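Visitor: Let me begin by handing over the structure; questions about it come next.
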Amino acid sequence: MTTRTLGVVMNGVTGRMGYRQHLVRSVLAINSAGGVALPTGERVLLRPVLVGRSEAKLRDLAGRHDIPDWTTDLDAALADPANQVYFDAQVTSARVGAVTRAIEAGKHVYAEKPTAETLEDAITLAKTARAAGVKNGVVQDKLFLPGLLKLKRLVDGGFFGRVLSVRGEFGYWVFEGDWQAAQRPSWNYRAEDGGGIVLDMFPHWHYVLENLFGRVEAVTARAVTHVPGRWDEAGGRYDATADDAAYGIFELAGGVVAQINSSWTTRVFRDELVEFQVDGTEGSAVAGLRRCRVQHRSTTPKPVWNPDLPATEPFREQWQEVPDNAEFDNGFRTQWEMFVRHVAAGEPFPYDFAAGARGVQLAQAGLLSSTEGRRVELTPIDFGGEA
């Protein structure tokens, strides 16, 4: 068995998500397991080159994980021909410029979502990458969660019959940062820095809905800023200029209606931080990050509305657990391995910058719907020869 090494420039890994999920639980975990296996039997090891603005943070991070290559000079990292892949997990507002430079340097590009703050920029990135002939991908990690993998298994197996509706609840209380430290970075709450829950979460909901239930054709949404003032990492108060909650109705091809609430200002009273209930003519399912439970039409009880008597039916106990039937790896790592095989062996990778642009389109339509108080239709995007 032979191995080869692929240099990967990783920009933004000093941040929480870039560090925990992409560097530690994906790239370093892949190397610890002996690399990514290719169909030829060859294995690919990843050589991370850490890039960021803070020399002190990079030096500390590299020292903790024995990573020899790090720099604050992105152009120097891109100029090295041994570095064939560029990965971006920066703040959204910095992504387009850096990814464009990587494409111009001839690197294959993989990026966190959203790929851009505006649909125009997201489309430009997709077209630029296609014209340059570089492989490109966007992170769509929730597709690889155990709960959603089980849900997709039910869809593919015809469990639901005709799907009628999807109802999603996502969120938790993010502390303001004064009397308890916030568990999300402060830029998330500043629109001028690319923050906002619509831009953050609607691209997630787009690829979940698109890949499991159908193309999103229209959206009606209300985005709000429930908490107007927060405290940043240095303890200073700032005005929250971005939305921290959004309530959306999504109309899908085939008549499916999805309702999803997204909030950083809600307290959790459910089994997981995100849950989707899918109702169909033949059965229903409730899926979270890991669990998925079902109720078939043959075992559906017949409750009767009577507000004068206490409920005695054990509703939760009337659902059946969907078995794992497989081993589920970290979703970020799974998609990293797919992208590496895409680059090294030419295997298909459907989650490209065009898919990323469709996610940005939904976010932009959601914000427009909220601002103008109306339903907004989504039209197919022309990427130059493909819709």
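Visitor: Considering each residue of segment 171-222, count those that are small (Gly, Ala, Ser) and either touching a Pro at 6+ places or on another chain (Cβ under 6 Å) or at positive phi (or both), and give that number.
Guide: Matching residues across segment 171-222 total 5.
Visitor: Same structure, new question: Filter segment 159-199 down to residues that are within 30 Å of Pro350 (Cα to Cα) and free of Cβ contacts under 8 Å to residues at least 40 places away in the same chain, then give me how many there are.
Guide: Adding up the residues that qualify gives 0.
Visitor: Could you check how many residues of segment 187-219 are farther than 22 Å from Phe250 by Cα, assigned to a helix (DSSP H, G or I) and not acidic (Asp, Glu)?
Guide: So the count comes out to 4.
Visitor: Would it be correct to say that Leu61 is buried (at least 17 other Cβ atoms within 10 Å of the Cβ), hydrophobic (A, V, I, L, M, F, W, C), outside any loop (DSSP other than H, G, I, E, B) and touching a Leu at 6+ places or on another chain (Cβ under 9 Å)?
Guide: yes
Visitor: Does segment 30-40 contain at least one residue that is in contact with a Gly (Cβ under 9 Å, 6 or more places away or on another chain), within 22 Å of Thr334 (Cα to Cα) and not aromatic (Phe, Trp, Tyr)?
Guide: no
Visitor: Something else about it: Quick one: Val340 ticks every box in (1) buried (at least 23 other Cβ atoms within 10 Å of the Cβ); (2) within 25 Å of Pro146 (Cβ to Cβ); (3) of a type in the set (Val, Ile, Thr); (4) under 17 Å from the mean Cα position of the chain (by Cα) bar one, so which box is it?
Guide: In the conditions (1) buried (at least 23 other Cβ atoms within 10 Å of the Cβ); (2) within 25 Å of Pro146 (Cβ to Cβ); (3) of a type in the set (Val, Ile, Thr); (4) under 17 Å from the mean Cα position of the chain (by Cα), Val340 misses (4) alone.
Visitor: A further question on this structure: Of everything in segment 23-58 that's charged (D, E, K, R) and in a helix (DSSP H, G or I), which residue is nearest to Val139 (Cα to Cα)?
Guide: Arg25
Visitor: Do we have any residue at all in segment 34-53 that's of a type in the set (S, T, N, Q) and crowded, with 16+ Cβ neighbours inside 10 Å?
Guide: The answer is no, given that none of the residues of segment 34-53 is of a type in the set (S, T, N, Q) and crowded, with 16+ Cβ neighbours inside 10 Å.
Visitor: Taking only pairs six or more apart or across chains, which ones have beta-carbon atoms under 8 Å, a first residue in segment 4-19 that is under 17 Å from Ile30 (Cα atoms) and in the same structural domain as Arg53 (by TED's automatic domain parsing), and a second residue that is part of a helix (DSSP H, G or I) and of a type in the set (Phe, Trp, Tyr)?
Guide: From residues that are under 17 Å from Ile30 (Cα atoms) and in the same structural domain as Arg53 (by TED's automatic domain parsing), the pairs are Val13/Tyr19.
Visitor: Further question: Does Ala326 satisfy the criteria of being within 16 Å of Phe144 (Cα to Cα) and either in contact (Cβ under 8 Å) with a residue 24 or more places away in the chain or in the same structural domain as Leu154 (by TED's automatic domain parsing) (or both)?
Guide: So Ala326 fits the description; yes.
Visitor: Given Ala344, Ala357, which one is in the same structural domain as Ala89 (by TED's automatic domain parsing) and under 30 Å from Ile123 (Cβ atoms)?
Guide: After ruling out the rest, the residue left standing is Ala344.
Visitor: Quick check on Arg20: is it within 19 Å of Pro185 (Cβ to Cβ) and assigned to a loop (DSSP other than H, G, I, E, B)?
Guide: No, not satisfied.
The values are calculated or read from the model by the stated rules, or taken from the named source; none is laboratory data. Note that this is a predicted model, so its numbers are computed, not measured. Cβ: placed from backbone, ideal geometry, glycine included. Neighbour counts: every protein chain shown.
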